[in-house]
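S.K.: If you scroll down you'll find the structure; I have some questions about it.
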Amino acid sequence: MISLSPAAPRLAKLTALSVGVAFLVTACGGTSTPSSTETTTSATGISCPAPGAAPGSTAKAGAGGAVPPATTVTETPLKLGSLLPTTGSLAFLGPPEIAGVNLGIKEVNDAGGVLGKPVEVIHRDSGDTKTDIATQSTSALLGQGVSAIIGAASSGVSKTVINQITGAGVIQFSPANTSPDFTTWDDKGLYWRTAPSDVLQGKVLGNYMATCGAQTVGMIVLNDAYGTGLASNVKSSFEAAGGKVVAEELFNEGDSQFSSQVDKVIAAKPDAIALITFDQAKSIVPLMTGKGVKPTQMFLVDGNTSDYSKDFQAGTLKGAQGTIPGTFAKEAFKQKLLAIDPALKDYSYAGESYDAVNLIALATEAAKSTSGVEIAKQLKAVSESGEKCTDFASCVTLLRNGKDIDYDGQSGPVTFSDAGDPTEAYIGIYEYQDDNKYAPSKEEFGKL
């Protein structure tokens, strides 16, 4: 990612992306096998594939025993910042992301730290695009000498600070940005992410709705980089599968009235409705169900697939489905996160945040430097073509023994492109239960 190619060839590559898809199951363990051919039928005629078997991890720990001492000791400890939401429309994503960062920091420091020193972390709120919190938080983090900033969660927020961060020679590493725009951003090789571009989530969601038998789709879309980018990829995928998008209604961040958008989408009589929003879904869902839309017609995305048990009457969302990039959080990982934050209710992007910490720490060891620019030069190398390892202790042991490593993490396989994007990833599909909480249903694996 340090030597960036011109935008035009990269956009051509983006257009030519192909996705290999496999339906896989949920819950606890198992092997990577195709799903059952059974289906779950809704009152509207949509018939989605039933859950199959959960993928087992193929990565192996690279080393056991005590971690050898650092071969290079830094005078300047690695200092990380986080720019994650504790307020605003994505505040529900903050707790799992922050817990993932804190768990990663704990495990790195339990293994002796990086270059002989404990890693430090400073947390700051990102807010959302309605406020200027992100720029203020970024200025504070840069003023404290961080080498990398983990965040933001919102693509729109990241666009407001990416030039500020990368222009200072600091890495911006998002665990949740999915806008395709970042693939071609002039970021000086300093922007990275563990969440896949919405080219993948869009392909998966569009294909999945077609697989469920929907021939027509309506969409209610947040008018920002995240919403319109994801909607474009959903539409392309769905129409390529033979379907038709019959309504696409936009709204802006900060809007509080959605009756017009809901009425226009319902008037088009779609088989399925994709809600590409943040927490505005709390207002939109009751409007739709009040006009007869069945929850089995609703397809949510990572920006709004959340716990609604305290927001809606029981059964409101039963059978609705949502997509979140990343593999399902494994039980052992959940227990570690709960030890960090016992109040956690969901785990969205916790794995991506944890992996961001580990990848930055390992790249720092490989670079033998805490300079953001030097760390960035090693991020791709620690993600590919070496001995597989899955946590900091085993990976850093290999590095200190002179081995090349290939880190695969809690979010799934992590292999970076030259643009700092994951080249392969899982997209989890979740189904809402009677209590309006979502449960793992299937996973799809894709390559970009």
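S.K.: Quick check: net charge around Asp355, other residues with Cβ under 12 Å of its Cβ, Lys/Arg +1 and Asp/Glu -1? Numbers along the way, then the final one.
M.R.: Details: positive: Arg193; negative: Glu97, Glu107, Glu352, Asp391, Asp408.
Counting the neighbours of Asp355, the net charge comes to -4.
S.K.: Further question: Using only Cα atoms, what Kirkwood radius does region 290-415 have, in angstroms? All intermediate terms of the calculation are to be shown ahead of the outcome.
M.R.: Working: mean 1/r = 0.0589 Å⁻¹.
Final number for the Kirkwood radius of region 290-415 is 17.0 Å.
S.K.: On the first, second and third principal axes, largest extent first, how far apart are the outermost C-alpha atoms of region 385-448 in Å?
M.R.: In descending order, the Cα extents are 53, 26, 15 Å.
S.K.: Dimensions of region 177-304 along principal axes (Cα, Å, largest first)?
M.R.: 50, 34, 18
S.K.: Still on this structure, I have one more. Once the piece of chain linking Glu120 and Thr87 is laid out straight, how much longer is it, given 0.36 nm per residue of separation minus the C-alpha distance between them? Intermediate results must be reported in sequence, preceding the final value.
M.R.: Working: separation 33, 0.36 × 33 = 11.88 nm, distance 2.32 nm.
Stretched fully, the Glu120-Thr87 segment lengthens by 9.6 nm.
S.K.: Using Cα positions and a limit of under 19 Å, work out the aspartates and glutamates in reach of Lys345, with same-chain residues fewer than 8 apart set aside.
M.R.: Lys345 reaches Glu97, Asp279, Asp302, Asp307, Asp311, Glu331, Glu431, Asp434, Asp435.
S.K.: Give me the one-decimal nm value for the distance between modelled label points at Ala314 and Gln257, 7 Å along each residue's Cα-to-Cβ direction.
M.R.: 3.6
S.K.: Could you tell me how far the Cα centroid of region 359-421 sits from the Cα centroid of region 195-274, in Å?
M.R.: 36
S.K.: Show me the three semi-axes of the equivalent ellipsoid for the chain, from the C-alpha gyration tensor (sqrt of 5 times each eigenvalue), largest first, rounded to whole Å.
M.R.: Details: eigenvalues 261, 105, 81 Å².
After scaling each eigenvalue by five and taking roots: 36, 23, 20 Å.
S.K.: Can I ask one more? Could you state the orientation-averaged shadow area of the convex hull built on the Cα atoms of region 88-187, in nm² to one decimal? Walk me through the numbers before you get to the answer.
M.R.: Details: hull surface 26.4 nm².
Projected over every direction and averaged, the Cα hull of region 88-187 covers 6.6 nm².
S.K.: In addition: For region 234-319, build the convex hull from the C-alpha positions and give me its volume per residue in Å³. All intermediate terms of the calculation are to be shown ahead of the outcome.
M.R.: On the way: hull volume 8.7 nm³, N = 86.
Taking the convex hull of the Cα positions in region 234-319, it is 102 Å³ per residue.
S.K.: Of the heavy-atom accessible surface of region 390-437 (probe 1.4 angstrom), what whole percent is carbon and sulfur? Mind showing how you got there, number by number?
M.R.: Working: 550 of 1430 Å².
In region 390-437, the share of accessible area belonging to carbon and sulfur is 39 percent.
S.K.: Would you mind calculating the gained length between Asn223 and Asp181 on full extension (0.36 nm times residue separation, minus the Cα-Cα distance), in nm to one decimal?
M.R.: Working: separation 42, 0.36 × 42 = 15.12 nm, distance 1.46 nm.
Net length gain for the segment: 13.7 nm.
S.K.: Now a separate question. Beyond a 26 Å Cα-Cα separation, which of these cross-linked pairs lie in this structure: Lys310/Lys334; Lys188/Lys235; Lys130/Lys282; Lys377/Lys447; Lys282/Lys318; Lys188/Lys330?
M.R.: Working: Lys310/Lys334 22 Å; Lys188/Lys235 32 Å; Lys130/Lys282 18 Å; Lys377/Lys447 23 Å; Lys282/Lys318 15 Å; Lys188/Lys330 35 Å.
Going by Cα-Cα distance, Lys188/Lys235; Lys188/Lys330 fall outside the 26 Å limit.
S.K.: Here is a further query. For region 238-280, what % of the accessible area comes from carbon and sulfur atoms, probe 1.4 Å? It would help to have the intermediate numbers written out before the result.
M.R.: Details: 840 of 1980 Å².
Accessible surface attributable to carbon and sulfur in region 238-280 totals 43 percent.
S.K.: Separation between the Ala240 and Glu384 pseudo-spin-labels, each 7 Å from Cα along Cα→Cβ, expressed in nm?
M.R.: 2.2
S.K.: Average projected area of the Cα convex hull of region 342-384, in nm²?
M.R.: 3.8
S.K.: What distance in nm lies between label points placed 7 Å from Cα along the C-beta direction at Ser371 and Asp132?
M.R.: 3.4
The values are calculated or read from the model by the stated rules, or taken from the named source; none is laboratory data. These numbers come from a predicted model, not from an experiment. Counting neighbours? That spans all protein chains shown, and the Cβs are built from the backbone with ideal geometry, glycine included. For the accessible areas, the whole protein counts, side chains as well, though only heavy atoms, and no ligand, DNA or RNA atoms are used. Shrake-Rupley method; radii C 1.70, N 1.55, O 1.52, S 1.80 Å.
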